[in-house]
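Okay, so here's the structure we're looking at.
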Amino acid sequence: MVNWIWLFFIVVSVIAAAANGQIDAVTQAAFDGAKSGVTVSFGLISIMVFWLGMMRIADDAGLLKKLARLLSPVVRLLFPDVPKNHPALGYIMSNLSANLFGLGNAATPMGIKAMQELQKLNPDPQTATPAMCTLLALNTSSITLIPTTLIAIRMNYGSANPTEIVGTTLAATIIATGAAIAADRWYRRRSKSAPPPSINKRKRKIDKTHAVQHPAADSLSAASPGGGTIA
């Protein structure tokens, strides 16, 4: 769907430019955008390499393991249906740790591996499990201590103080994560109280079969005094 939206924007902009005789402006904007994309990408590569190197040092020093142990009770609380010591928990904690430092590109592979491991626990491969939904919510709204990617972008565009967004980003991500966890808990409780879809389908099938076999049941019952059964 997103691809169709972008295609719509591109086609409309070209048509509008052609109607106003400004095709050259569209061409120049396309080249400027490509140039800017390459410049920003190189800047992101440098900052990503730096922070990934820092994480590798932290991993070798055992800091990530300590962080994982610190996050372990929280992860167990958020993912109660994942067996203890399952490989998915390790990937989930790595994903959360990377997101804490704003390393979205580094967190993505860990999130994908966590989803693959959670899929192995899924009894219905066509439907996401509550644990998979929780991981998606946390990965999307994760608390960010250091917005590394945003800082790098601001540096590339010449910001006078690229790190001034740290406080507001932390506050915004805390609120977003709290809202995501609250919504996830609410939907978990709702899914537990609702009957399984298979039971609903079976009940509808039985009701439909009964209606076909006894099409005059309602009319006979209505015609009988007191609504009694007519033998």
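The values are calculated or read from the model by the stated rules, or taken from the named source; none is laboratory data. Note that this is a predicted model, so its numbers are computed, not measured. No Cβ is skipped: glycine too gets one built from the backbone with ideal geometry, and neighbour counts run over all protein chains shown. Heavy atoms of the whole protein, side chains included, go into the accessibility calculation; ligands, DNA and RNA do not. Shrake-Rupley method; radii C 1.70, N 1.55, O 1.52, S 1.80 Å.
The set of residues in the stretch 62-92 being open to solvent by less than 60 Å² (accessible area, probe 1.4 Å), over 17 Å from residue 141 (Cβ atoms) and either touching a strand residue (DSSP E or B) at 6+ places or on another chain (Cβ under 7 Å) or hydrophobic (A, V, I, L, M, F, W, C) (or both) consists of 64, 67, 68, 82, 88, 89.
Does residue 93 satisfy the criteria of being modelled with pLDDT under 80 and assigned to a helix (DSSP H, G or I)? Walk me through how you get there before you give the answer.
Values: modelled with pLDDT under 80: no; assigned to a helix (DSSP H, G or I): yes.
Considered against the rule, which asks whether it is modelled with pLDDT under 80 and assigned to a helix (DSSP H, G or I), residue 93 comes out as no.
Here's the yes/no breakdown for (1) under 24 Å from residue 92 (Cα atoms); (2) at pLDDT 85 or above:
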{"residue": "143", "(1), (2)": "yes, no"}
{"residue": "146", "(1), (2)": "yes, no"}
{"residue": "164", "(1), (2)": "no, yes"}
{"residue": "169", "(1), (2)": "yes, yes"}
{"residue": "176", "(1), (2)": "yes, yes"}
{"residue": "202", "(1), (2)": "no, no"}
{"residue": "230", "(1), (2)": "no, no"}
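Here is a list: 150, 145. Which entry is hydrophobic (A, V, I, L, M, F, W, C), more than 30 Å from residue 190 (Cα to Cα) and part of a loop (DSSP other than H, G, I, E, B)?
Details: 150 fails: part of a loop (DSSP other than H, G, I, E, B).
Just a single option satisfies the conditions, and that option is 145.
Only one residue in 129, 148, 163 is open to solvent by less than 20 Å² (accessible area, probe 1.4 Å) and in the same structural domain as residue 176 (by TED's automatic domain parsing), so which one is that? Exactly one of 129, 148, 163 is open to solvent by less than 20 Å² (accessible area, probe 1.4 Å) and in the same structural domain as residue 176 (by TED's automatic domain parsing), namely 148. Tell me, yes or no, whether the stretch 106-120 has at least one residue that is in contact with a Pro (Cβ under 7 Å, 6 or more places away or on another chain), free of Cβ contacts under 8 Å to residues at least 60 places away in the same chain and under 13 Å from residue 135 (Cα atoms). Looking for residues that are in contact with a Pro (Cβ under 7 Å, 6 or more places away or on another chain), free of Cβ contacts under 8 Å to residues at least 60 places away in the same chain and under 13 Å from residue 135 (Cα atoms), one finds at least one in the stretch 106-120, hence yes. Among the residues of the stretch 100-114, those that are farther than 19 Å from residue 183 by Cβ and not in a loop (DSSP other than H, G, I, E, B) comprise 100, 104, 105, 106, 107, 108, 109, 110, 112, 113, 114. In the set (1) free of Cβ contacts under 8 Å to residues at least 12 places away in the same chain; (2) within 29 Å of residue 38 (Cα to Cα); (3) part of a loop (DSSP other than H, G, I, E, B), residue 126 fails one condition alone, (2).
Please identify the pairs in which a residue from the stretch 1-21 that is within 19 Å of residue 33 (Cβ to Cβ) has its Cβ atom under 7 Å from the Cβ atom of a residue that is small (Gly, Ala, Ser) and open to solvent by less than 100 Å² (accessible area, probe 1.4 Å), counting only partners at least 6 apart or on another chain. Matching pairs, first to second residue: 17/25.
What number of residues within the stretch 129-142 satisfy the criterion of being outside any helix (DSSP H, G or I) and over 15 Å from residue 75 (Cβ atoms)? If you could, list the steps in order and put the result at the bottom.
Filtering the stretch 129-142 for residues outside any helix (DSSP H, G or I) gives 129, 141-142.
From what's left, over 15 Å from residue 75 (Cβ atoms): 129, 141.
Residues that pass the stated criteria total 2.
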